[in-house]
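Data first, discussion second: the structure below is written as structure tokens.
Any read-out appearing in this document is the output of simple, stated calculations on the displayed coordinates, not a laboratory observation. The model shown is predicted, which means the values in this text are computed figures rather than measured ones. Here Cβ is always computed from backbone atoms with ideal geometry, including for glycine, and neighbour counts include all displayed protein chains.
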Amino acid sequence: MDLSALRALVRPHGPVLDVHVHPLSCFGPYRIGSIREDAHRLIETGKRSGVTKMCVFSLYPSCPYEPTPAQCREANDYVLAMRDEAPETFLPFCYVTPVFPDEATTEIERCVGGEKMAGIKLWVARRATDPGLDPIMEKAVALDVPVLQHAWLKTTGNLPGESTPEDVADLARRHPAARIIMAHLNGAGYRGIEALVDTPNVVVDTSGGDPESGMVEVAVARLGPHRVVYDSDAPIRHFGTTLGKTLGAVLPDTVKRDILWGNAVRILHLAGDA
Amino acid sequence: MITDVCAWTGTWNTLDAPGDVDSVRAGLRVYGVERIFLSPLAAAWRPNPHIDNQRVYEAAGRYPNIRAVPVLDPTLSGWERELDRAVRHAATPMVRILPAYGGYTPDDLDVFCAAIGKTRLALAVQVRMEDPRRQHPLAQVPDVRVEKIADLAQRHPDLTTVIAGASTAALRNLRDKLCTLPNLYADVSQADGLDALVTLVDAEITHKLLFGSHTPLFVTASAVARVVNDLNDKDATVILSENAARIFRV
């Protein structure tokens, strides 16, 4: 098999929407001189693996676990500027912290209501069981955007404010009208998948951890083919390595296309936008 | 011809991965992997990992494209016999050790390494099998420090030493040792991250990198993608096949 045939095997056959990408300024060894450079390097590396569109959110360059409202605002301005560089590629999400619920809802109003960001990102400041998330979720429902909530189930112990999949299920039950993307399928594992079976307003994204065999297949079997979406968590992970979890899965092509594109388009209300 | 220097057979405690020899072989063949260095997964958890080596010798006997890579435990009585067995199998290119699972460190291995250095075999030292955050809570195994493996290679210049399962950052940090120690190599079976292979090629260690997939624990397509999506034909070919052909004379 020559290299072009091999490359064709590991490339998707249709468009790909990656729901979880960070600017290079947030993670890793990348020396980025400008927002423009950040945007175009992500676009270039994504294209090499077949990624068409990206939901992008910054956690602020130093990634503080409990960011201030000012840091969130700066992070959000960064990804808005990335969208200005390539509006056909980037769908920015608004990063807020439930430690400051009032400021968070004001920032969501600015970014989603005003700037038309595509969703809201929550990380590790507070667990999803915290009541500080409630006004954020209510605002997400009012503005009709999904919330992407980080979650992991770490053998080595979660951070104090880091959600487990059970926490995300609790959030989903408290806010049944909200559309929730739970990040990190491979961080949640078999136990985490099970926590989401009875919460139909949650989809799981395929990132988090290594490209372990069979995890996407189990997620589809337990949650259904419409509750799994592709994401890379780039630059922490490689676009192609994470795509391989879906492309290499033992699943029908129609299901793979839904994971890589259709499900995210539906959740983001981008129907018809290819 | 693509050579995968890090493939396994058997079952694993935390994953439902199809690890029988025929499934592993067929799965790798889909992606053009035609030469498979195969080790037994069960060896990680056995008090006597040598018992499981029979499986990979049998697989190598059945399929010419499989090369048995037995797991040795240098703290186990009789490792000399197991090493001799590996030497007598003409198609066996190297032996593998899992120090973290055996409860020893690369610091303790000078007699063992000196013995392998007198043979034609290489030594693969496994840094990790799975992310410690994803391990079973009652079976937590830390990573092996890659610096210790480099030190081992430095003390045993006649021994071809392969770092197996190290992260991109660990390999980048080890760049100077990989450049200066002619007997030290690394597989890319767990080198993840955006532009992972590009950064290693830019670090001018292309000639020290070997393709590994960590199949069946990891998805083969993922391992292939990070090499072929980002690298030009020349660099990809060096990592996928040429380095292994040169180092192992296969």
> If you wrap a convex hull around the Cα atoms of the range B:120-182, how much volume per residue is inside, in Å³?
Replying inline: 86
>> I need the phi-derived Karplus couplings for the range A:108-115: 6.51 cos²θ - 1.76 cosθ + 1.60, θ = phi - 60°, integer Hz, Gly and Pro marked x.
In response: 5, 4, 5, 7, 8, x, x, 8
> Which aspartates and glutamates, on any chain, are close to A:Lys116 with Cα under 19 Å apart, when same-chain ones fewer than 8 places away are left out?
Replying inline: A:Asp18, A:Glu74, A:Asp77, A:Asp84, A:Glu85, A:Glu88, A:Glu103, A:Glu107, A:Glu138, A:Asp144, A:Asp273
> For the range B:186-192, in order, what is each residue's ³J(HN,Hα) by Karplus, 6.51 cos²θ - 1.76 cosθ + 1.60 with θ = phi - 60°, in whole Hz (x at glycine and Pro)?
Replying inline: 8, 8, 10, 5, 10, 8, 9
> Once you measure Cβ to Cβ distances between cysteines in chain A, which Cys have no partner under 4.7 Å?
Replying inline: A:Cys26, A:Cys55, A:Cys63, A:Cys72
>> For a quick check: with amide H placed at 1.01 Å from N, whose amide H comes under 5 Å from A:Val228's, ignoring anything fewer than 5 positions away on the same chain?
In response: A:Val204
> Looking at this model, which pairs from A:Lys154/B:Lys208; A:Lys154/A:Lys245; B:Lys118/B:Lys148; A:Lys47/B:Lys234; A:Lys53/B:Lys177; A:Lys121/A:Lys256 are more than 28 angstrom apart at the alpha-carbon?
Replying inline: A:Lys154/B:Lys208; A:Lys53/B:Lys177
> Please identify the trypsin sites (Lys or Arg not before Pro) of the range A:1-80 that satisfy two criteria: DSSP loop assignment and at most 13 other Cβ atoms within 10 Å. Which are they?
Replying inline: A:Arg31
> Just how large is the dipole of the range B:2-248 about the Cα centre, in debye to the nearest 20, putting +1 at every Lys and Arg Cβ and -1 at every Asp and Glu Cβ?
Replying inline: 420
> Ratio of Rg to Rh for the range A:1-151, alpha carbon only, Kirkwood?
Replying inline: 1.02
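All other residues with a Cβ under 14 Å from the Cβ of A:Ala125 taken together, and with Lys, Arg as +1 and Asp, Glu as -1, what is their net charge?
Net local charge, A:Ala125 excluded: -3.
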>> With every atom except the alpha carbons ignored, what do you get for Rg and Dmax of the range B:66-119, in angstroms?
In response: 10.9, 31
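Calculate the dipole size of the range B:39-132 relative to its Cα centre from +1 charges on Lys and Arg beta carbons and -1 charges on Asp and Glu beta carbons; express the result in debye to the nearest 20. Display every interim value, and only then the final one.
Details: 11 positive and 11 negative charges, 99 e Å.
Dipole magnitude for the range B:39-132 comes out near 480 debye.
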> Put +1 on the Cβ of each Lys and Arg and -1 on the Cβ of each Asp and Glu in chain B; which of B:Thr199, B:Ile239, B:Ile2 then has its Cα farthest toward the positive end of the dipole?
Replying inline: B:Ile2
> Translational D (Stokes-Einstein, µm²/s) of chain A at 20 °C and 1.002 mPa s when Rh comes from the Kirkwood sum over C-alpha pairs?
Replying inline: 117
> Highest GNM mean-square fluctuation, chain B, Cα pairs closer than 10 Å: which of B:Ala115, B:Ala223, B:Ala44?
Replying inline: B:Ala115
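Using only atoms on other chains, find how many Cβ atoms lie within 10 Å of each Cβ of peptide A:207-219 and report the average. Spell out each step's value before the answer.
Details: counts 0, 3, 5, 12, 13, 14, 15, 7, 4, 1, 1, 2, 0.
For peptide A:207-219, the averaged partner shielding equals 6.
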>> Using a 7 Å offset from the Cα along the Cα-to-Cβ direction at both A:Thr106 and A:His269, what is the distance between the two label points in nm, to one decimal?
In response: 2.5
> Which distance in Å, rounded to a whole number, links the C-alpha centroids of the range A:177-192 and the range B:148-195?
Replying inline: 35
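Just the ratio, please: alpha-carbon radius of gyration of the range B:1-129 over 2.2 N^0.38 Å, N its number of residues. Walk me through the numbers on the way to the answer.
On the way: Rg = 14.1 Å, N = 129, 2.2 N^0.38 = 13.9 Å.
Against the empirical 2.2 N^0.38 Å value, I get 1.01 for the range B:1-129.
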>> Which one, A:Val204, A:Val79, A:Pro165, is farthest towards the positive end of the dipole of the range A:10-267 when Lys and Arg carry +1 and Asp and Glu -1 on their Cβ?
In response: A:Val204
>> Checking the a/c ratio against 1.5 first, then a/b against b/c, what shape does the Cα gyration tensor give for chain B?
In response: rounded
> Under a GNM of chain A (C-alpha, springs under 10 Å), which listed residue has the highest mean-square fluctuation: A:Pro92, A:Pro211, A:Pro165?
Replying inline: A:Pro211
> For q = 0.07, 0.12 Å⁻¹, what log10 I(q)/I(0) does the protein assembly as shown give under the Debye formula with an equal point scatterer on each alpha carbon and no solvent?
Replying inline: -0.39, -1.06
> Can you pull the three principal axis extents for the Cα set of the range A:162-224, in Å, largest first?
Replying inline: 33, 25, 16
>> Can you compute 3J(HN,Hα) from phi for each residue in the range B:146-156, using the Karplus curve 6.51 cos²θ - 1.76 cosθ + 1.60 with θ = phi - 60°, rounded to whole Hz and x for Gly and Pro?
In response: 5, 4, 5, 6, 5, 4, 4, 4, 5, 6, 10
> Taking neighbour counts of Cβ atoms within 10 Å as a proxy for exposure, in what order, fewest first, do A:Cys55, B:Cys113 appear?
Replying inline: B:Cys113, A:Cys55
> Roughly how many Å is it from the Cα centre of the range B:215-235 to that of the range B:45-106, as a whole number?
Replying inline: 26
> Using just the C-alpha positions of the range B:58-182 as equal point scatterers, what log10 of I(q)/I(0) does the Debye formula give at each q in 0.09, 0.11, 0.20, 0.22 1/Å?
Replying inline: -0.27, -0.40, -1.19, -1.32
>> Nothing charged except the Cβ atoms of Lys and Arg (+1) and of Asp and Glu (-1): what's the magnitude of the dipole of the protein assembly as shown about its Cα centre? Round to the nearest 20 debye.
In response: 1260
